[in-house]
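Q: The structure under discussion is supplied below as structure tokens; questions concerning it will follow.
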Amino acid sequence: MREIPGPRSLPLLGNANLFLGLTPAEACLLMGKLAEEHGDTFKLWLGPWFSVMLFDPRDVEHVLSSTQLLDKAFEYDFLGQWLNQGLLVSGGRKWHQRRKIITPAFHFRILEQYVEIFDRQTRQFVKNLDTALRKEAANSWNGVDLGRFIHLCTLDVICETAMGVSIHAQTNADSDYVRAVKTISMVLHKRMFNIFYRFDLTYMLTPLARAERRALNVLHEFTEKIIVQRREELLRGTPSETETSSADADVGAKRKMAFLDILLQSTVDEKPLTNLDIREEVDTFMFEGHDTTSSALMFFFYNLATHPESQQKCFEEIKSVIGTDVQTPVTYELLNKLHYVELCIKETLRLYPSVPLLGRRVVEECEINGKVIPAGTNIGISPLFMGRREDLFVEPNSFKPERFDVVTTAEKLNPYAYIPFSAGPRNCIGQKFAMLEIKAIVANTLRHFEIDFVGDTSEPPVLIAELILRTRDPLMFKLKERVY
Ligand code: HEM
């Protein structure tokens, strides 16, 4: 450990003193400064936890492509309260088996049928924005906080695709389930990033722990209820894939194969999955599948609002592919033709990767390009810092979607520097789903509104690299209805 450079550490505290009292935004900046001072590989002691940060793409490649370094860092254990041993946090044989049975759930034929859900939920999103626009005009508000609306829309999308039911988050943002999701996200951020909440014994005595228990009850009971219901329906043989369910008013108009149904029909070692097995995977989709896409969409709209020429190009492309009738639904084929929109999404994820930090746990001592990494080390890899490396991306802080076009594609040149969806065997299983969903929301929004940013554009927004990347202050936008 001594050979790895890093800031001087104090007894017991290690380097935790450097982070004490810092806001998440300041902590984020500090990580950048430490990399400048100590180089692409540096160590950090946070109390008893030893971490090595790897910022060199060759080291990142070694870790992410390895079939040995697959275990997640200690911090992911906090997610276990909600996700139990779902795909994101599990390791070893269990992860292998689950990845194998879950991969077919993201086949393009399955994704294709979800586009109708993306389209329908986005229409509600557009309706809500329209109402907000009118309220804003009537009350002379200074802009709309898009993030709030996006979050509810992505929550509705993931709930309907994962469980086949709608929670109507967009029309009832105050429901128990929506509030529980918000609480649990807040708790997870605090536990991971505040050293005082890290120790179970002291944490259990805090009001935060009580709030977490209440939220977990709501989340687990909801998923459990749907699983039981769907299993019974499956046993009874009704309703079929495309049949309308009249029994449950909450069910989407046409039944589709939700992720849940695929899991109900899967087997491991010739045995069906138990309710708990299924719950942990469905909850994992609920967690991984909404905050990540919300963050990406938020930064996407920020980039387009501050780069009107790119917004115009996106709009022109959407108009030429989907047409000028705003009632025309988006389809899988149409979304696949939105090439320029795709470049803008990729560039947004380079500048603002939804997951700014990935962590792996070294179970057995290993060597990474000549550096010996002891067992027990947590490895940190930052898609955020990688995407901003000057030696790999020309003008890294500028929004230049063209860098991803087919001739010069920045993605192919640097497969282990451009890692918003991670890379290698543990990459994001929902990548294609996410791209389609983002495109559907973007296409429907830009068909209806022109988007302008309200606020200072001379400085980029202050970022907070928590579990999911966000900004310190809400980003506010002015919307203008498009007239055809
Ligand atoms: C813009 C949207 C998204 C981004 C940027 C993103 C990014 C990522 C990243 C970086 C990882 C690796 C995490 C790690 O190693 O700690 C990951 C894993 C994962 N993601 Fe996504 N994700 C997105 C959307 C989704 C969606 C929509 C779903 C589900 C429908 C999903 C499901 C998962 C799952 C289950 C894993 C764990 C995979 C495994 O360990 O085998 N993600 N995602």
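What follows draws every value from the coordinates through simple rules; no lab data is involved. This one's a predicted model, so the numbers in the text were calculated from it and none came from an experiment. FYI the Cβ positions are ideal-geometry reconstructions off the backbone, even for glycines, and counts take in every protein chain you see.
Q: Any chance you could count the Lys pairs in the stretch 127-227 whose alpha carbons are under 24 Å apart, treating pairs 8 or more apart or on different chains as valid? Working shown, then result.
A: Details: LYS127/LYS135; LYS127/LYS182; LYS182/LYS190; LYS182/LYS225.
Value for the stretch 127-227: 4.
Q: Sum -39500 (n - 2.57) across every DSSP H segment of at least 4 residues in the chain, then divide by the residue count to get the 222 nm mean residue ellipticity, nearest 500. All intermediate terms of the calculation are to be shown ahead of the outcome.
A: Numbers: 19 runs with 241 residues, N = 484.
Helix contribution divided over all residues of the chain: -15500 deg cm²/dmol.
Q: Something else now. Which lysines does LYS271 reach when only Cα atoms under 21 Å apart count, and residues fewer than 8 places away in its own chain are ignored?
A: Result set, ordered by chain and number: LYS94, LYS100.
Q: What is the spin-label model distance, in nm, from SER175 to ASP456 if the labels are put 7 Å beyond Cα along the C-beta direction?
A: With each label point 7 Å from Cα toward Cβ, the separation is 4.0 nm.
Q: Which FRET efficiency value, to the nearest 0.05, do you get for GLN431 and LEU205 by plugging their Cβ-Cβ distance into 1/(1 + (r/R0)^6) with R0 = 30 Å?
A: Details: r = 40 Å, r/R0 = 1.34.
Plugging the Cβ-Cβ distance into 1/(1 + (r/R0)^6) gives 0.15.
Q: Now a separate question. Can you tell me what share of the DSSP beta bridges in the chain is antiparallel? A percent to the nearest 5 is fine. Could the numbers behind the result be given before it?
A: On the way: 30 of 34 bridges.
Looking only at bridges with both residues in the chain, the antiparallel portion is about 90 percent.
Q: Give the aspartates and glutamates reachable from LYS72 as a straight Cα distance under 14 Å; neighbours fewer than 8 places away on the same chain don't count.
A: GLU364
Q: Rounded to whole Å and ordered largest first, report the semi-axes of the equivalent ellipsoid of the chain derived from its Cα gyration tensor (root of 5λ).
A: Working: eigenvalues 237, 170, 100 Å².
Semi-axes from the Cα gyration tensor: 34, 29, 22 Å.
Q: Between GLU395 and LYS371, what is the label-to-label distance in nm when each label sits 7 Å out along the Cα-to-Cβ direction?
A: A separation of 3.2 nm, rounded to one decimal place.
Q: Another question about this same structure. Cross-link candidates for LYS371: which lysines have Cα within less than 19 Å, leaving aside residues fewer than 8 places away along the same chain?
A: Leaving aside lysines fewer than 8 places away in the same chain, those within reach of LYS371 are LYS43.
Q: Given 0.36 nm per residue, what is the gain on full extension from GLU36 to ASP145 after removing their alpha carbon distance, in nm?
A: In short, 35.8 nm is gained.
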